[in-house]
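Here is the structure we will look at, set down as structure tokens.
The values are calculated or read from the model by the stated rules, or taken from the named source; none is laboratory data. Worth saying up front: this structure is predicted, and the values here are computed from it rather than measured. Please note: Cβ atoms are built from the backbone with ideal geometry, for glycine as well, and neighbour counts cover all protein chains shown.
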Protein chains: 2
Amino acid sequence: MSSTEQVENEGKRKRPGGRSAGVVSAVYAATLEILEEGGYERLELPEVAARAGVNKTTVYRRWPTKAELVLDISLLRMEQEVPLPDTGTLHGDLSSLLIAVHAALASPLIAGLIQAAITQNRDVEMIKRMRAEFWATRFAVSGQLVERAVERGELPPGTSPRQFLELASSPLFFRGVITGEVFSQAEITEIARRTILAFSSP
Amino acid sequence: MSSTEQVENEGKRKRPGGRSAGVVSAVYAATLEILEEGGYERLELPEVAARAGVNKTTVYRRWPTKAELVLDISLLRMEQEVPLPDTGTLHGDLSSLLIAVHAALASPLIAGLIQAAITQNRDVEMIKRMRAEFWATRFAVSGQLVERAVERGELPPGTSPRQFLELASSPLFFRGVITGEVFSQAEITEIARRTILAFSSP
């Protein structure tokens with residue numbers, strides 16, 4: 001994909017307006033409906049188009065595969081449910097972020113999307129690419145929190161946003177997905193404190 | 001369950017000898033075979049008994065449900081694949097443990113058991129209890145590594161083994177189960193170093 005195309009696609013994804021915005025929200029609503037009914041396995045683009053009342057080719061032009069459609073929806077959902085906090089301190093920002101991630105992991109849609117990504121066996125290459133793009137985007141967005149902390153002198157220059165955020169957020173996924181337990185808010189702010197200690201020196 | 005029964009059951013689980021040992025290993029082999037063929041969904045105790053050449057009531061007496069059978073096998077496997085290291089230093093112990101966990105997560109059996117635990121919808125209460133017992137046992141075993149480090153003065157008294165080990169090991173599960181990426185050995189020892197820093201003060 002050329003960078004011009006990429007910008008255009010980003011434009012399509014981020015700033016749909018007018019008729020285009022209507023198409024996107026109708027397609028998203030239809031997709032979520034089908035996902036809730038039968039999960040990723042059951043999702044097919046022609047049915048999405050039919051339910052959304054949109055031409056099939058319109059759907060395929062924007063989302064050539066169902067994986068790309070679900071990727072777009074997942075990223076949008078995470079942007080809405082886990083906005084980038086800006087409290088003025090690293091501990092405040094990280095605690096807010098982790099609390100929002102913890103809540104998102106308990107929502108049926110996010111839990112369902114994660115389960116779909118884990119158990120999906122078909123389209124393996126596509127799923128891999130979709131997961132990689134999802135996490136690259138998520139870590140890039142949340143990484144701003146680390147960059148701001150470095151600017152404020154709260155973390156050493158050169159701190160890796162990915163390493164920092166992965167250490168902080170992985171316990172939430174471990175419990176949410178693997179053990180099925182939840183954290184209290186106090187436990188989450190304690191994870192934030194420990195992670196900041198872990199990265200307080202290079 | 002009385003503590004005497006518990007001791008007896010532990011005895012059965014840990015030190016089977018003679019005829020009993022033969023039964024246990026035949027049942028384990030049959031179970032693994034069925035799990036490999038069709039996963040947890042397909043596993044049924046009568047078929048396990050038939051394949052193992054063991055009386056059905058013998059199987060049911062020891063493992064009243066398939067969940068308990070799979071729990072026993074999972075714990076045994078983890079004991080074998082992730083033995084408790086004793087290198088003399090916390091960083092050595094933790095790095096060894098994490099490297100073994102990382103390798104175990106890549107093995108088809110462990111990955112399959114985790115996937116079964118995540119996606120299993122039937123027997124929900126049983127699965128919950130099984131997961132809780134599995135993790136309580138695993139953290140109790142690996143927790144000795146933390147207790148020894150406290151005795152050596154490498155960690156402050158009162159350090160929570162569970163919090164320490166959860167912060168250290170969760171990134172392995174995050175990548176292994178959620179993003180599908182792997183860590184290099186250098187990245188794993190870096191996680192060990194960061195975790196020790198995180199718990200270097202109370």
Name the residues in region A:143-163 that are closer than 30 Å to A:TYR40 by Cα and more than 14 Å from every other protein chain (Cβ to nearest Cβ), would you? A:GLY143
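Do the conditions hold for A:GLU47, that is, is it assigned to a helix (DSSP H, G or I), on the phi < 0 side of the Ramachandran plot, in contact (Cβ under 8 Å) with a residue 24 or more places away in the chain and among the charged types (D, E, K, R)? Spell out the reasoning first.
Working: assigned to a helix (DSSP H, G or I): yes; on the phi < 0 side of the Ramachandran plot: yes; in contact (Cβ under 8 Å) with a residue 24 or more places away in the chain: no; among the charged types (D, E, K, R): yes.
Considered against the rule, which asks whether it is assigned to a helix (DSSP H, G or I), on the phi < 0 side of the Ramachandran plot, in contact (Cβ under 8 Å) with a residue 24 or more places away in the chain and among the charged types (D, E, K, R), A:GLU47 comes out as no.
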How many residues does region B:50-62 contain that are surrounded by 13 or more Cβ atoms within 10 Å (Cβ to Cβ) and either within 30 Å of B:LEU167 (Cα to Cα) or touching a residue at least 24 places away in the same chain (Cβ under 8 Å) (or both)? 5
Identity of the residue in region B:167-190, without any contact (Cβ under 8 Å) to a residue 12 or more places away in the chain and not hydroxyl-bearing (Ser, Thr, Tyr), that ends up farthest from A:ILE196 (Cα to Cα): B:GLY180
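Considering each of A:ARG77, A:ARG42 in turn, give the residue that is charged (D, E, K, R), in contact with a Leu (Cβ under 9 Å, 6 or more places away or on another chain), closer than 17 Å to A:ALA140 by Cα and free of Cβ contacts under 8 Å to residues at least 40 places away in the same chain.
Values: A:ARG42 fails: closer than 17 Å to A:ALA140 by Cα.
On inspection, the qualifying residue turns out to be A:ARG77.
In the set B:PHE183, B:PHE174, which member is in contact with a Phe, Trp or Tyr (Cβ under 8 Å, 6 or more places away or on another chain) and of a type in the set (A, V, I, L, M, F, W, C)?
Values: B:PHE183 fails: in contact with a Phe, Trp or Tyr (Cβ under 8 Å, 6 or more places away or on another chain).
Checking each option against the conditions leaves just B:PHE174.
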The listed residue being in the same structural domain as A:GLU166 (by TED's automatic domain parsing), surrounded by fewer than 18 Cβ atoms within 10 Å (Cβ to Cβ), within 18 Å of the chain's Cα centre (by Cα) and closer than 24 Å to B:ILE114 by Cα, out of A:ALA111, A:ALA104, A:ALA117: A:ALA111
Go through region A:82-91 and give me each residue that's out of contact with any Ser or Thr (no Cβ under 7 Å at 6 or more places or on another chain) and over 13 Å from A:ALA168 (Cα atoms). A:VAL82, A:PRO83, A:ASP86, A:GLY88, A:THR89
Yes/no for A:GLU166 being within 25 Å of B:GLU190 (Cα to Cα) and away from chain B (no Cβ under 11 Å): no
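Which fully enclosed helices (runs of 4 or more DSSP H) of region A:63-179 have 3 or more residues being modelled with pLDDT under 90? Reasoning before the result, please.
Numbers: elements: A:66-81, A:90-106, A:108-119, A:124-151, A:161-173.
Ranges flagged: A:66-81, A:108-119, A:124-151.
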Inspect region B:41-48 for any residue being farther than 25 Å from B:LYS128 by Cα, surrounded by 18 or more Cβ atoms within 10 Å (Cβ to Cβ) and at pLDDT below 95 and give the result as yes or no. no
List the pairs whose first member sits in region B:124-137 and is without any contact (Cβ under 8 Å) to a residue 12 or more places away in the chain, whose second member is assigned to a helix (DSSP H, G or I) and surrounded by 15 or more Cβ atoms within 10 Å (Cβ to Cβ), and whose Cβ atoms are under 6 Å apart, counting only residues at least 6 apart or on separate chains? B:TRP135/A:THR179
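With the structure loaded, tell me whether B:ARG193 is touching a residue at least 12 places away in the same chain (Cβ under 8 Å), more than 10 Å from chain A (Cβ to nearest Cβ) and of a type in the set (Lys, Arg) or whether it fails that test. Even if it seems obvious, please write down each step before you answer.
Numbers: touching a residue at least 12 places away in the same chain (Cβ under 8 Å): yes; more than 10 Å from chain A (Cβ to nearest Cβ): no; of a type in the set (Lys, Arg): yes.
For B:ARG193, the condition - touching a residue at least 12 places away in the same chain (Cβ under 8 Å), more than 10 Å from chain A (Cβ to nearest Cβ) and of a type in the set (Lys, Arg) - is not met.
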